[in-house]
Amino acid sequence: MTTESKTEKDSAGNNQTDQGSPEKAAWLTAFFIENHLDHFAYPDQVASLEQTRFMVYLEEDQRYYPCSDQMFDAIINRNQSEFIQREYQKVLEKILKVVDEKIEDKNEKIYLETLIKIKYRHDTRDEMMIPSRLEKRLTQIFINRTQIEDPYYIEKAERNHRASVELASDAFQAAMNHLEPQPRNQPKTLSEIKMMAEHLELKRLFSLTGATFLWQSLSPHQLTELDYSKIFSRPLIGNGVTPLFESLQTRSREELYQSTTKKILWLADEAGEFVIDLAIIGYLVKLGHKVIIAFKEGPMFTKVDYHDVQTDDVIAERLSHAMSIKDPAMNKNDLVKIFRSDNDIIVLSDGTRERLNLLLASTTFARAFREADLVIARGQTTGRRFFDTHFQFTQDIFNIFPLEDGSVCIQHKPKHPKVIKFSHADLEKKAKAIIDQMKRAKSNGMTVIFYSGIIGSIPGKIRMAKKIMSVFVEHLTKQSAQTHIINPSEYYEPGMDADDLMYMWEIVQTSGFVDIWRFQTYEDILTSFNIMGQKVPPEWVGKDATYSTGCTKEMRIAQRVQQKFPEMQIIGPAKEKFMRRDEYGVGTMYDKRL
């Protein structure tokens, strides 16, 4: 969670990259506003700083931007006009090609081309627009004016069909199952044989992603087993080959009998190639992994999208048993339940119609990114958003894309070394340690009190909130004999957000070892300030547990626990007064309305 000083900066909207002069700071702000990427200007569309931090590791004064460093520097410094205009021109040509291919009426074609060029000149005049944002705007003009929601629907379906036919061919199956003699390093045990087979099958499937002609070529081709063998013999290159295989294989020579499964976030890319992806994903599931597939929210040229899961025959059949998440703002607990279910393949939308824009991604996607063990991004255009930037991320990123010679490149960008991640097992272990303390206290005849109070519901005052609680708990301990008081503020650790804390505390609170559940009153706060020899600051006047989002949630839990354990007492403000707070802001410890 954020520190006090940082929270105050965030709430003021001042968290920026190194801005230098006021003029450059203004240009930076204009850049985010013009691209519709400023959270304070577009709070319902753009991710907050806290949600962005689910995916991007940001230092104190960093601000994330969804483009390459070269593009960002060119726009901010206004010193690479030729480069910017060249990238803009690529976008214009791409959109005009769609108009030329999909519109037959001559007058309508001229009208659309003229309209798009007018909008193009307007949006590129100041050279402030990111090309991908320009592409989205121009594409939206085409869709709105023509009502053609998915111009490449038929082409995508044909690509998927061609790839599906290839995977079903006898020649492909024979080539996949063919085993060459292994004169060196001959496996000695069944486990080593299995490990070798896993490596070989994964390598062949990944090699197949380089053969783009399989789904892009319009002319039918009858490949032989030898043809496929040649495809499989093409190299996998790049710094990510070894770490990816080490991550995906469930065994290693050193740990042949250990199983290490992963939650993999798979960022889908092009139609046709995605059918090959599904073959890889199916094999990863056999190895014990769980795969979360993220699609584009809607049609985007020839990229596979979330609607294809329901409407494309080939994809729909292969994902018929997958779990589909439709909620764009799913909370952590519900997501954890899905990840722990028997569903090995989960599909969701990233919430955008862009190559990769983490500032516009849905909350569900951001949480899935945070909960995953690694991210596999397909396609070079998607990969550039991870690799052509100085930003580092909260997960290991792998980018897989074909090269012109048919070989496959696998890039790896390790997660930032300072990333702190609390797994479900970590939180459960911490909860168990607290429960063990409670058990020992009760066995010694002590009364166990759980104290719920404001910690993060007043933005920027976390440090003071923790001090208030600690001072009062110490006061309460001195007043009462044989009591064991749980002070939640003592168990907070850097990196924990509200969801982490609620997940951990609910395990403790429902354990049945709480004798008295006390909720903070204003009198408690007043007592703390009196002990500290201070007057109550205005932001604390009249506050109590009813002001806290977490306490509101905990009061509901307390009432459920009391039904199961009627002897537990609830002390504090009247239950009916817990109504002013409802839900956390994403990644924050205060109500989203604040």
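Over the stretch 116-247, accessible surface divided per residue gives 54 Å², non-protein components excluded, 1.4 Å probe. Under the criterion of Cα pairs below 8 Å and six or more residues apart, the relative contact order for the chain equals 15 percent.
What fraction of the DSSP beta bridges in the stretch 241-375 is antiparallel, stated in percent and rounded to the nearest 5? Bridges in the stretch 241-375 that DSSP calls antiparallel: roughly 10 percent. Remark: the chain carries a charge dipole of roughly 1480 debye about the Cα centre, counting +1 on each Lys and Arg Cβ and -1 on each Asp and Glu Cβ. Solvent-accessible area of Tyr65, all protein chains in place: 10 Å² (probe radius 1.4 Å, heavy atoms, ligands and nucleic acids excluded).
Normalised per residue, the accessible area of the stretch 294-347 is 47 Å², obtained with a 1.4 Å probe and no contribution from ligands, DNA or RNA. For the chain, the longest piece that avoids every one of the GluC sites (Glu not before Pro) found in DSSP loops with at most 15 other C-beta atoms within 10 Å covers 405-566. Positive end of the dipole of the chain (Cβ unit charges, origin at the Cα centre): among Ala361, Pro43, Cys67, the Cα lying farthest that way belongs to Pro43. Computed with a 1.4 Å probe on the full set of protein chains, the accessible area for Ser548 sits at about 10 Å².
The largest accessible area among His178, His321, His484 belongs to the first residue in His321, His178, His484, and the rest follow in falling order (1.4 Å probe, all chains). Looking at the chain, the DSSP beta bridges with both ends there are about 25 percent antiparallel. Here the dipole of the stretch 390-529 is about 540 debye; that uses its Cα centre as origin and unit charges on the Cβ of Lys and Arg (positive) and Asp and Glu (negative). Taking 27 Å as the limit for the C-alpha separation, the pairs Lys97/Lys156; Lys421/Lys535; Lys418/Lys466; Lys136/Lys290; Lys467/Lys553 exceed it in the case of Lys421/Lys535; Lys136/Lys290.
Against the empirical curve 2.2 N^0.38 Å, the C-alpha radius of gyration of the stretch 38-93 lands at a ratio of 1.40. Averaging the Cα positions of each part gives two centres, and for the stretch 75-125 and the stretch 269-304 these lie 31 Å apart.
Give the ranking of Tyr42, Tyr451, Tyr547, Tyr111 by solvent-accessible surface, highest area first, calculated with a 1.4 Å probe.
On the way: Tyr42 60, Tyr451 0, Tyr547 40, Tyr111 110 Å².
Correct descending sequence by accessible area is Tyr111, Tyr42, Tyr547, Tyr451.
Placing unit charges on each Cβ (+1 for Lys and Arg, -1 for Asp and Glu) gives the chain a dipole about its Cα centre, and among Phe301, Met464, Gln249 the Cα reaching farthest toward its positive end belongs to Met464. Between the stretch 448-485 and the stretch 308-386, the alpha-carbon centres lie 40 Å apart. Of the solvent-accessible surface of the chain, computed with a 1.4 Å probe over protein heavy atoms with every protein chain present, carbon and sulfur atoms account for 50 percent.
May I ask you to work out the translational diffusion coefficient for the chain at 20 °C, viscosity 1.002 mPa s, via Stokes-Einstein with Rh from the Kirkwood sum over Cα pairs, reported in whole µm²/s?
Value of D from the Cα-based Kirkwood radius: 79 µm²/s.
When Leu284, Leu179, Leu278 are compared by accessible surface with a 1.4 Å probe, the order from highest to lowest is Leu179, Leu278, Leu284.
The values are calculated or read from the model by the stated rules, or taken from the named source; none is laboratory data. Not measured: the values here are computed from a predicted model. All Cβ positions, glycine included, derive from the backbone under ideal geometry; neighbour counts span all protein chains shown. We work out accessible area using only protein heavy atoms, side chains counted, and drop any ligands, DNA or RNA first. Shrake-Rupley method; radii C 1.70, N 1.55, O 1.52, S 1.80 Å.
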